[in-house]
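Nothing in this text is a laboratory measurement; each read-out follows from the coordinates by a stated rule. Computed from a predicted structure; not experimentally measured. Neighbour counts run over all protein chains shown; Cβ positions are idealised from the backbone, glycine included.
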Amino acid sequence: CGLNNTALDILKQRGTQLIITTDCASSDVEQIHYANELGIQVIITDHHNPPHELPTAYAMVNPWRADATEDDQLFRPLSGAGMAFKLVQALYRTYKRPLEDEMDLLDLVAIGTIADIVPLIGENHILARLGMQKLNMTNKPGLQALMRKANLQPGRIRERDIAYGLAPRINAAGRMKDASIAFHLLTTESEEDAVNYVAQLEELNIARQQQTETLMRSVREEAQHHPHDSVILVSGDDWHEGILGLVAGKLVEEINKPVFVLSNDIQKRLSRGSARSQKGFNVIEALRNFSGHLERYGGHAQAAGFTIETASIQAFRQHLLEWQTTGNGAAVEDDIAASIEPVPLETVEEVVQVETVVEQATFVQKVDLVLHKTDLLNYAGYKKLRELSPFGASNPEPIFKMERARVIDRWASGMNRQNLRLKLAVADAKTGATTHVTGTLTRGAAQLETFERGSLVDVVFRIESSEDEIRREIWLKILDVQKSSVGV
């Protein structure tokens, strides 16, 4: 993404005199120089780590600049949408626009903040929380039509609905065809046009899902050729560039290694790539230390994009492996989330670690609170937890554990009957009163016969609800369940 000379030529022909970027262009030194030659001024708003040589833009609103003051650096956690909103706030207040005009944009800011997976603490938490309140009562025809298509009900929109329902459909436009479709959807005042734009986005999103799965199969196959590499680099001819980042992110989750996915343009002899990693390997630093061989690059510590000559891919692979081996991969961790320690809940009674075995891979699941009382296992308790929302990066949903819950019933559920449903009876340690609650372990049906009726189990879970104020139901999203060993 970012600026390109072809687009600049088109904008010049249209009489454009000023470009304001959002979430890009900090690395577009050559493109902004070309814009200056065309007589177009550029204001950059971005939150990506810029190169040492800054573009000669009219202004660059980016708290990651090397010359950023301590006050400037306070804005580093903001998303790309958050940085653009800061410019809007400054303009609105300079020209004495009413506060309501700022507030009217917060639904869009919330979508951008949550979709960008930035730490949901501090100002990000405030923007997302206020924005979700605005979103749940939005009068924007585009958002209303989009929520209907995603089967979401205004008044009950939560952060996961944005992350998995709204944002993928909006992003599908730029990934698969033309981002202007999403722009027109979010700015139209016509309900009829909104329905038309949503139909286009839905079609593109379905195509995106299908092509992502197809490309995932190719990428997995390529990755198997390098099973012992500590950094995985895969490339293929004419892979869809709009989904490279999605595929790289999915593969990181599967193999727990940094992943670089490139699409080769045979005619231009160039390859465009997306990189994703986890803490411990700084993608942007790895690219910066190979920048002499890159056409362009930009991004964050754990996500970046770049362009390279196809002939240099093997040298780049060797650089990445050496970079990881020498320990440089973990250097200069500029992702703000990496330096943030989770803040414990004030009501935490006990923090434990539960070892869970899944497909012979052991991981440690952190539990925020072991429940000895059942006062949270009702709708009022759920609503109390939601006061901590929105949940996300650096502010995860609380995870609970119950011990010695009795299995009243269990059955398989879901489209392919692959989920495990449990009906549990839980005794309050203080009052002795019994509460009945139902929970679901996704893809857990294989354990159906493990938990007999009447047996005691320990359950790790989150509390869920449809937020129907009439039915006021809650259920458990089970993360792990094992036969109880407490008191046995």
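Once the Cβ-Cβ distance of D101 and Q209 is raised to the sixth power relative to R0 = 45 Å, the FRET efficiency obtained is 0.75.
Given 10 °C and 1.306 mPa s, compute D for region 5-200 with the Stokes-Einstein relation, Rh being the Kirkwood radius over Cα pairs; round to the nearest whole µm²/s. Rounded to a whole number, D works out at 88 µm²/s. Given the choices [x] 1.07; [y] 2.00; [z] 1.13, Cα Rg over 2.2 N^0.38 Å derived from the coordinates of this structure is entry [x]. For region 168-241, the spread of Cα coordinates along the three principal axes comes to 55, 19, 18 Å, biggest extent given first. If both residues of a DSSP beta bridge must be in the chain, then about 75% of such bridges are antiparallel. Scalar couplings 3J(HN,Hα) for region 419-433, obtained by applying the Karplus form with A = 6.51, B = -1.76, C = 1.60 to θ = phi - 60°, are 9, 9, 9, 10, 9, 10, 10, 10, 9, 6, 5, 8, 9, x, 5 Hz; x denotes Gly and Pro. Rg/Rh, computed from the Cα trace of region 352-483 with Rh as the Kirkwood radius, has the value 0.95. Loop-located GluC sites (Glu not before Pro) in region 1-71 (DSSP state not H, G, I, E or B) with no more than 16 neighbouring Cβ atoms inside 10 Å: E53.
Here K423 is the anchor, and the lysines within straight C-alpha reach of less than 16 Å, apart from those fewer than 8 places off in the same chain, are K401, K477, K483.
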